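Engineer: This is the structure I want to talk about, given as structure tokens.
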Amino acid sequence: MGMEIKILDWIQDLHGPVGDAFWPLVTRLGDGGMVWILLAAVLLIIPGTRKSGAVLAAALCVDLVLCNRILKPAIARVRPFDVNTAVRLLIPKPGDFSFPSGHTAASFTAAAALWFAGEKKLWKPALVLASFIAFSRLYLYVHYPTDILGGMATGVIAGFMGVVIVKLCRRIFAG
């Protein structure tokens, strides 16, 4: 944990007025996975992207269970701002555990689900936004670097599971 705090403290040296205004806005995009839920809803409405919307929706459900119901309570890792109480937070203190990063997990779930679903135009911008959201969690001192890596891994697994679930449902309901 010592090395991770050093990395977070190094990122704190990057703080300035622009970053202190920008990164909280970026992180807010990931609050509750709402940007990804909205994207899934839009994809489900458009006839040509319904399969991708279903994959994304299923993947986000897997992520919710895996990240928030299984991993966070089981690992129960305290957040870095609880270890280094001298840091001034730019956002309200999150009330749940640190590992894995839920913002990162949902974001990488979306990017992975879109990639696995074959959304050639959408997965790349989703990956860029996911990366920004992940970095924002470090900048804001609410996650350790390994929380971010855990969120990324959780997201890729959930994204893949979204495709598996949709394929399984198609088999069950098609015949």
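Engineer: How large is ³J(HN,Hα) for each residue in region 164-172, as worked out from phi by the Karplus curve 6.51 cos²θ - 1.76 cosθ + 1.60 (θ = phi - 60°), to whole Hz, x for Gly and Pro?
Structural biologist: 3J(HN,Hα) across region 164-172, in whole Hz: 4, 5, 5, 4, 5, 4, 4, 5, 5.
Engineer: Sorting ASP82, ASP13, ASP63 on the 10 Å Cβ count, fewest up front, what's the list? Show your work: numbers first, answer last.
Structural biologist: Details: ASP82 11, ASP13 7, ASP63 30.
By the 10 Å Cβ count, ascending, the order reads ASP13, ASP82, ASP63.
Engineer: Turning to a different aspect of this structure: Comparing GLY102, GLY155, GLY53, which has the greatest mean-square fluctuation in the GNM of the chain with Cα pairs linked when under 10 Å apart?
Structural biologist: Comparing GLY102, GLY155, GLY53 in a Gaussian network model of the chain, the most mobile one is GLY53.
Engineer: Pop a pseudo-label 7 angstrom from the Cα along the beta-carbon direction at both VAL42 and ASP96 and give the gap in nm to one decimal.
Structural biologist: 2.4 nm
Engineer: Same structure, new question: In degrees between 0 and 90, to the nearest 10, how far off the longest principal axis of the chain does helix 2-12 point, with axes built from Cα atoms?
Structural biologist: That works out to roughly 90 degrees.
Engineer: Between PHE173 and VAL65, 0.36 nm times their residue separation minus their Cα-Cα distance comes to what? Write down the numbers at each step before the final one.
Structural biologist: Values: separation 108, 0.36 × 108 = 38.88 nm, distance 2.39 nm.
Here the answer is 36.5 nm.
Engineer: Now for a separate question. Once you have all Cα-Cα distances for region 9-48, histogram them in 5 Å bins from zero and send the whole-percent values.
Structural biologist: In whole percents, the pair-distance histogram is 6, 19, 16, 15, 12, 11, 9, 6, 4, 1.
Engineer: Next question. In what order do THR27, THR104 fall by count of nearby beta-carbon atoms within 10 Å, going from fewest to most?
Structural biologist: Numbers: THR27 21, THR104 29.
Exposure proxy ranking, most exposed first: THR27, THR104.
Engineer: By a straight-distance test (C-alpha under 21 Å), which lysines pair with LYS93 as possible cross-link partners, with residues fewer than eight away in the same chain excluded?
Structural biologist: LYS6, LYS72
Engineer: Sticking with this structure for a sec: Determine the shape class of region 40-114: with a ≥ b ≥ c the square roots of the Cα gyration tensor eigenvalues, call it rounded for a/c under 1.5, and otherwise prolate if a/b is greater than b/c, oblate otherwise. Provide the component values of the computation, followed by the final result.
Structural biologist: Values: a/c = 3.96, a/b = 2.27, b/c = 1.75.
Prolate is the answer for region 40-114, as a/c is 1.5 or above and a/b outweighs b/c.
Engineer: Give the angle, between 0 and 90 degrees and rounded to the nearest 10, that separates the Cα long axis of helix 17-29 from the longest principal axis of the Cα atoms of the chain.
Structural biologist: The angle comes out near 30 degrees.
Engineer: Among (1) 1.02; (2) 0.99; (3) 0.95, find the value of Rg/Rh (Cα atoms, Kirkwood Rh) that was calculated from the structure presented, and write down its label.
Structural biologist: Matching entry in (1) 1.02; (2) 0.99; (3) 0.95: (1).
Engineer: List the lysines whose Cα lies under 16 Å from the Cα of LYS120, skipping any in the same chain that are fewer than 8 positions away.
Structural biologist: LYS51
Engineer: Also: Starting from the Cα-Cα distance between ILE7 and ALA153, subtract it from 0.36 nm times their residue separation and give me the gain in nm to one decimal.
Structural biologist: On the way: separation 146, 0.36 × 146 = 52.56 nm, distance 2.01 nm.
The ILE7-ALA153 span can extend by a further 50.5 nm.
Laboratory data are not the source of any read-out in this text; all were calculated from the coordinates shown. Predicted model only: the values in this text are computed from it and were never measured. Cβ atoms come from the backbone with ideal geometry, glycine included; neighbour counts cover every protein chain shown.
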